[in-house]
Amino acid sequence: MILEAGGIKKEFGTLQVLRGIDLSVEKGELLSVTGASGAGKSTLLQILGTLMTPSEGTLSIDGYKIFENGKSCLSGKDLAAFRCLKIGFVFQSHHLLPEFTALENTMMPALIRGLSKAQARQKAEKLLERVGLERRMDHKPSELSGGEQQRVAIARALVNSPAVLFADEPTGNLDSATKEEIHSLLRELRSTLGQTIVLVTHDNSLSSMCDRSVFIADGLLTQNA
């Protein structure tokens, strides 16, 4: 298993959002997490993505133990380094840096990781070609459509070859035609790169194209398929 979570709980004051989540994800699996608004989907994704510490529970990713008994097993610096190397994020809002081109945005995580500018550029160019933006690399976000911006965000998330790609409502701001393009792209990345993808979505069409779907309700997961 590339990801294993056990007994994940999260409380905010007296509000218990997650009540004991157990989840295992296989390498190369495309998994969706669905559920009503406010059910805790994004909270779970942030914990699995190491952005938030659970109140209780354990989490291991790619053989590394991240959380145990609700505490981080890594220092803040080491956890940030692990996140940069092993985890990719795609959000509903693209979070691209407006002053940089598509190529520069995509290169950024690789530069932070410590790759040379030439190495980062080579990896970024290959990924932008893979997501169909070979002619848009020198364009800034304001010059790109919403779908193109999301493709840049996906390329950026993949530039360090992460163990797991996490996506939070990746098609939430897109029109129907562009949604389908992003759905197809995610499926292609899973097939051609063997990329493990865990995504949160309200979109039934996106959920249905995943290998497996789980549903969160009352702070617990149930299997959809």
Query raised in the report: Tell me, what is the 1.4 Å probe accessible area of Phe89, in Å² to the nearest 10?
Result: 40
Query raised in the report: Share of antiparallel DSSP beta bridges in the chain, in percent to the nearest 5?
Result: 55
Report task. Please figure out what share of the DSSP beta bridges in region 139-225 is antiparallel and state it in percent, rounded to the nearest 5. Result -> 45
Query - Nitroxide proxy distance, nm - points 7 Å out along Cα→Cβ at Tyr64 and Leu85 - result: 0.5
**Report entry** Net lengthening on full extension, Lys126/Phe12 (0.36 nm per residue, minus Cα-Cα)
**Finding:** 36.8 nm
Query raised in the report: Computed over the Cα atoms, what is the radius of gyration of region 128-199 divided by 2.2 N^0.38 Å, N being its residue count?
Result: 1.05
Report task. Considering only protein heavy atoms, with the full assembly of protein chains and a 1.4 angstrom probe, order Asp138, Asp175 by accessible area, largest first. Result -> Asp138, Asp175
Query raised in the report: For region 71-225, rounded, prolate or oblate, judged on the Cα gyration tensor with a ≥ b ≥ c (square roots of eigenvalues), a/c < 1.5 rounded, else prolate if a/b > b/c?
Result: oblate
Report summary line: Computed on Cα atoms only, the convex hull of region 170-225 has an orientation-averaged projected area in nm² of 4.2
Report task. Kindly write out, for region 86-103 in residue order, the coupling ³J(HN,Hα) from the Karplus curve 6.51 cos²θ - 1.76 cosθ + 1.60 (θ = phi - 60°), rounded to whole Hz, with x marking Gly and Pro. Result -> 10, 10, x, 10, 10, 10, 4, 8, 6, 6, 7, 7, x, 7, 10, 6, 4, 5
Requested in this report: Starting at the first residue of region 141-156, write each ³J(HN,Hα) from the Karplus equation 6.51 cos²θ - 1.76 cosθ + 1.60 with θ = phi - 60°, in whole Hz, x for Gly and Pro.
Outcome: x, 5, 9, 10, 6, x, x, 5, 4, 5, 5, 4, 4, 5, 4, 4
Query raised in the report: What does the helix-only formula give at 222 nm for the chain: each DSSP H stretch with n ≥ 4 adding -39500 (n - 2.57), the total divided by the residues, and the result rounded to the nearest 500 deg cm²/dmol?
Result: -11000 deg cm²/dmol
Query raised in the report: Roughly what percent of Cα-Cα pairs across region 1-127 reach past 24 Å?
Result: 39
**Report entry** Gain in span if fully extended, Leu111 to Ser161, counting 0.36 nm per residue against the direct Cα distance
**Finding:** 16.7 nm
Report summary line: Phi-derived 3J(HN,Hα) across region 203-212 with the Karplus relation (6.51, -1.76, 1.60, θ = phi - 60°), rounded Hz, x for Gly and Pro, is 7, 5, 5, 5, 4, 5, 8, 7, 5, 8
Query raised in the report: Picking from Val33, Thr43, Phe67, whose Cα lies most toward the positive end of the charge dipole for region 1-117 (charges on Cβ: Lys, Arg +1; Asp, Glu -1)?
Result: Phe67
Report summary line: Note on region 9-55: C-alpha Rg/Rh, Kirkwood Rh, two decimals, gives 0.97
Query - Inter-part distance where region 2-37 and region 71-107 are each reduced to a Cα centre, Å - result: 21
Report task. Pop a pseudo-label 7 angstrom from the Cα along the beta-carbon direction at both Asp211 and Lys77 and give the gap in nm to one decimal. Result -> 3.6
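The values are calculated or read from the model by the stated rules, or taken from the named source; none is laboratory data. Please read all numbers here as calculations on a predicted model, not as lab measurements. Don't worry about glycine lacking a Cβ; one is built from the backbone with ideal geometry, like all the others, and counts go over all protein chains shown. Side chains are part of the model used for accessible areas, which takes the heavy atoms of the whole protein and leaves out ligands, DNA and RNA. Shrake-Rupley method; radii C 1.70, N 1.55, O 1.52, S 1.80 Å.
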